[in-house]
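What follows is a short report on a single structure.
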Amino acid sequence: MQTLAIVAKRDKKEAAALAARICERYPHLTVLGERYLSQELGWPRVEDRELAQRADLVVVLGGDGTLIYTARLLAGRAVPILGVNLGSLGFMTEVPVEELFFHLDEVLAGRFNVDSRMKLTCRLVREGRSIIEEEVLNDIVINKGALARIADHETSIDGVPITTYKSDGIILATPTGSTAYSLSAGGPIVHPSVDCTILSPICSHALTQRAIVVPADRVIRITLRRETADTYLTLDGQTGHGLQGNDCIEVVRSPNRVNLIRNPRVAYFTILRQRLHWGER
């Protein structure tokens, strides 16, 4: 590994200070900073595309939101990501800040394992034309605004009609995203090694319409079946797009994956137990 890229949580002084220490500790490496970090530290500015193309390793200093942003920045490149937790939850950023340099030394010596996490490809089709196509690591959310009425979401899987959800919205989550918004909507927790898509209605009018788990290679299509004002498509909580009646959202597993470097001292279920406070009273 010759080039190390750093993506830090914005407006967090601790993250910027850690980035500066990393640069000082490894003078033999080319260290690139994401553009906001570079501006704060006075480093040469590097555009996102160049950073993604040059990086051999990415260190994320922040929380899960910063890591999701980083996965989008890499645009499909399978660069290993070391997540250092400076956030509040940290389901994906597994390394405590006090262990940063121990784990980074191990990674640079080639002693590490990765979790290969699936992503979803989302296409927004309007009047027969694909107007948006993006990839997500966490989830795709169709949701109404503050004044919108309940919407009809006509849903099919591989062309087979499933149901029309009369609901506030729908969440389509990866296993990585199963512990996020989908969990709050009653969806299951799915181990990240299981490739699947979790479809969870938000406040469905019918009590029998529950979350379902779909094989990752199946194409899920959701069509808004009546004009509903103030309805949005949100991708990984990073970008939002207004929706219209008869818009179709197509979702299937992406060919690209995200490689997260594991913390060998912490198992996945240990993280769940700690973050979700299982066993506490």
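What is the range 150-226 by shape, rounded, prolate or oblate, if you read a ≥ b ≥ c off the alpha carbon gyration tensor as root eigenvalues and call it rounded for a/c under 1.5, prolate for a/b larger than b/c, and oblate otherwise? Note, shape of the range 150-226 comes out oblate. Computed from the C-beta positions of D56 and V219, the FRET efficiency with R₀ = 22 Å rounds to 0.05.
Dipole size of the range 119-256 about its Cα centre, with +1 on Lys/Arg Cβ and -1 on Asp/Glu Cβ: approximately 280 debye, rounded to the nearest 20.
Counting only heavy atoms of the protein chains and using a 1.4 Å probe, E40 has close to 80 Å² of accessible surface.
State the answer as a single residue: which of I198, L82, P96 lies farthest towards the positive end of the charge dipole of the chain, with beta carbon charges of +1 for Lys and Arg and -1 for Asp and Glu, about the Cα centre. Farthest along the dipole direction, towards plus: I198.
Sequence-distant contacts, meaning Cα pairs under 8 Å at least 6 residues apart, place the relative contact order of the chain at 18 percent. Projecting the Cα atoms of S184, V251, L120 onto the charge dipole of the chain, computed from C-beta unit charges around the Cα centre, puts S184 farthest toward the positive end.
GNM remark for the chain: springs join alpha carbons under 10 Å apart, and the peak mean-square fluctuation among D64, D247, D158 falls on D158.
Kirkwood radius and radius of gyration were both taken over the C-alpha atoms of the range 119-256, and their ratio Rg/Rh is 0.92. Springs between Cα atoms under 10 Å define the GNM used for the chain, and in it the highest mean-square fluctuation of P192, P27, P96 occurs at P27.
Counted residue by residue at 0.36 nm each, then reduced by the alpha carbon distance between them, the extension gain from Q2 to S184 reaches 61.4 nm.
Between N113 and R25, the modelled labels are 2.3 nm apart [label points 7 Å from Cα along Cα→Cβ]. For the chain, the Kirkwood estimate of hydrodynamic radius, built from reciprocal distances between every pair of different alpha carbons, is 19.9 Å. Split the accessible area of the chain by element, probe 1.4 Å, and carbon with sulfur accounts for 49%.
Beta-bridge orientation, the chain: approximately 75 percent antiparallel, per DSSP, counting only bridges with both partners inside. For the range 119-256, the per residue solvent-accessible surface stands at 45 Å², with DNA, RNA and ligands left out and a 1.4 Å probe.
Zone of K13 (label point 7 Å along Cα→Cβ, backbone N under 18 Å): which residues in the range 84-119? Of the residues in the range 84-119, 86-87 have backbone N under 18 Å from the label point off K13. When only alpha carbons are used to place a centre, the range 211-281 and the range 88-161 end up 5 Å from one another.
Under the convention that each Lys and Arg Cβ holds +1 and each Asp and Glu Cβ holds -1, the size of the dipole of the chain around its Cα centre is about 240 debye.
If you run the Gaussian network model on the chain, springs between alpha carbon atoms under 10 Å, then out of N143, N246, N85 the most flexible one is N246. Among H277, H103, H28, the sequence by solvent-accessible area, most first, with a 1.4 Å probe is H28, H277, H103. Residues W43, W278, sorted by accessible area with the largest first, give W278, W43 [1.4 Å probe; ligands and nucleic acids excluded].
The values are calculated or read from the model by the stated rules, or taken from the named source; none is laboratory data. Because the structure is predicted, anything quoted here is derived from the model rather than measured. Quick reminder, even Gly has a Cβ in these numbers, built from the backbone with ideal geometry, and neighbours come from all protein chains shown. What goes into the accessible areas is simple: the full protein's heavy atoms, side chains included, and nothing from ligands, DNA or RNA. Shrake-Rupley method; radii C 1.70, N 1.55, O 1.52, S 1.80 Å.
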